Amino acid sequence: MESIEPPPVRAFVLMVTGVVPYAIYSIGTGTFHWRHFALLVAIATIVSSWFVVQSGKRALVDILFVALLAAILLSKVFDQIYITLARKATADILGQLMLIRTGAFAVLSIRKMGGIGFGFVPTARDWTTGVATYLALMPVILMVNSYLHFAAPRMAPGPWWRIGILALGTFLAFLWVVALSEEFVFRGILQQVISKRAGSIAGLILTSILFGLVHLPFRGFPNWPWVVVATIIGLFCGFAYKRTGSIRSATVTHALVVTTWRVFFA
């Protein structure tokens, strides 16, 4: 049943539930700071209330919302708010998850945008489409790599069981954080908004190009080989999304590609 609370109340609930995990983590680890707490409240408030406050052309408001989320992530502000206590267990992932959840529910429950298929658990169809798209994508990526040399094979990081554990951990981390957030923004919102105004093919191509350009600073600016590769990945992820109407299928493809690169290439 649809929630009967008015949008301002939903926005307030989103804000509160967004900052509670920080309070639990920071108080429990002794890293709580009022300035960090206030900054997080401000971020959660702006994101959760965006579609309550903003008015005007719906497409422009949606695109500006995407720009807002991207700016927050690129600012690395969560590195400052969530103090990391272990080098290999960074805490900023809690901030990224907060942003994904708050942004997603703002779009779904306040903006009421359909056609996204947001979720943390892919369906059987999502898995089938995502894996099939990944298998079709990899030969293309390997062929492009033979010309651009953007990645080199690395030595196996140990016995098969260690490789399996590393691959599984990497896949789940990207499936639920990086891939989910990027597919939500690029396929769930941007591709959908552009497609409704410029056509399905234009939406797929333009969103993929934008996805590629976002990777321009990756490992040193300007990294044009990564722009090309990311654009190709965006095309395939966009196709998976178009086929299922769910970003979860694109998330599976995205996470599998990143896992392959992280585990077997340098």
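Nothing in this text is a laboratory measurement; each read-out follows from the coordinates by a stated rule. No experiment lies behind these values; they were computed from the predicted model shown. Here the Cβ is made from the backbone with ideal geometry for all residues, glycine too, and neighbour counts use every protein chain on show.
Quick look at the values:
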quantity	calculated
Ranked packing of 45-52, 24-31, 177-184, 8-15, most packed first, by mean Cβ within 10 Å	177-184, 45-52, 8-15, 24-31
Loop-located trypsin sites (Lys or Arg not before Pro) in the range 87-129 whose Cβ has at most 12 other Cβ within 10 Å (DSSP)	87, 88, 112
Amide H within-cut-off set for residue 265, under 5 Å, with H built and near neighbours excluded	154
Highest-fluctuation residue, 255, 124, 70 considered, GNM on the chain with Cα pairs under 10 Å	124
Estimated vicinal HN-Hα couplings, Hz - the range 190-203 in sequence order (Karplus 6.51, -1.76, 1.60; Gly, Pro = x)	4, 4, 5, 5, 5, 4, 5, 10, 10, x, 4, 5, 4, x
Integer Hz, Karplus 6.51/-1.76/1.60 couplings in order for the range 109-116, x for Gly and Pro	9, 10, 6, 6, 7, x, x, 9
Gyration tensor (alpha-carbon) shape descriptor, the range 167-238, a/c threshold 1.5	oblate
Distance from the range 244-266 to the range 34-104 (C-alpha centre basis), Å	23 Å
Residue order, fewest to most surrounding Cβ atoms within 10 angstrom, among 140, 229	140, 229
Burial ordering of 92, 62, 79, fewest other beta-carbon atoms within 10 Å first	79, 92, 62
Theoretical FRET efficiency, 1/(1+(r/R0)^6), r = Cβ-Cβ of residue 136 and residue 228, R0 22 Å, to 0.05	0.80
Simple Cβ-charge dipole of the chain, Lys/Arg +1 and Asp/Glu -1, about Cα centre, in debye nearest 20	200 debye
Proximal lysine pairs, the chain, alpha carbons under 16 Å, eight or more residues apart or interchain	4
Cα gyration tensor shape for the range 124-264, rounded if a/c is under 1.5, else prolate or oblate	oblate
Estimated distance in nm for a label pair at residue 265 and residue 9, the labels positioned 7 Å out from Cα along Cα-to-Cβ	5.1 nm
Cβ-derived FRET efficiency at R0 45 Å, residue 34 paired with residue 200, nearest 0.05	0.40
Dipole of the chain, positive direction: furthest Cα of 175, 129, 105, with charges on the beta-carbon	129
